[in-house]
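What follows is one structure encoded as structure tokens, with my remarks underneath.
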């Protein structure tokens, strides 16, 4: 049941909606921003939960970090920034491709 609830987040499942919104006059950057923002909410929640998990369980993996504290704010901030950039790219790329694709074919397929 949980999978069915979040299925509309997939860009392929929302391609018809993107085509209709484009036909009604939405700009490509508006479509990409909407789809990417929905996806980035989950990515941000995962980053926050991951940060809390590292803060709570960081001492378990402290032997793997030589010369770096597992709770070092600079390291955590850098990793979170890197993961945020990757999340933005991973969320925006499929949305951009769907908004730039053949929208007439998407409308005819329905």
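Please treat every number below as a calculation from the coordinates, not as lab data. Worth saying up front: this structure is predicted, and the values here are computed from it rather than measured. Note that we place each Cβ from the backbone using ideal geometry, even for glycine, and neighbour counts take in every protein chain shown.
Please arrange 34, 72 by counting, for each residue, the other beta carbons lying within 10 Å of its beta carbon, fewest first. It would help to have the intermediate numbers written out before the result.
Numbers: 34 16, 72 12.
Fewest-to-most ranking of 34, 72: 72, 34.
What's the extension gain from residue 45 to residue 88 if we count 0.36 nm per residue and subtract their Cα-Cα distance?
Values: separation 43, 0.36 × 43 = 15.48 nm, distance 1.36 nm.
Fully extending the segment from residue 45 to residue 88 adds 14.1 nm.
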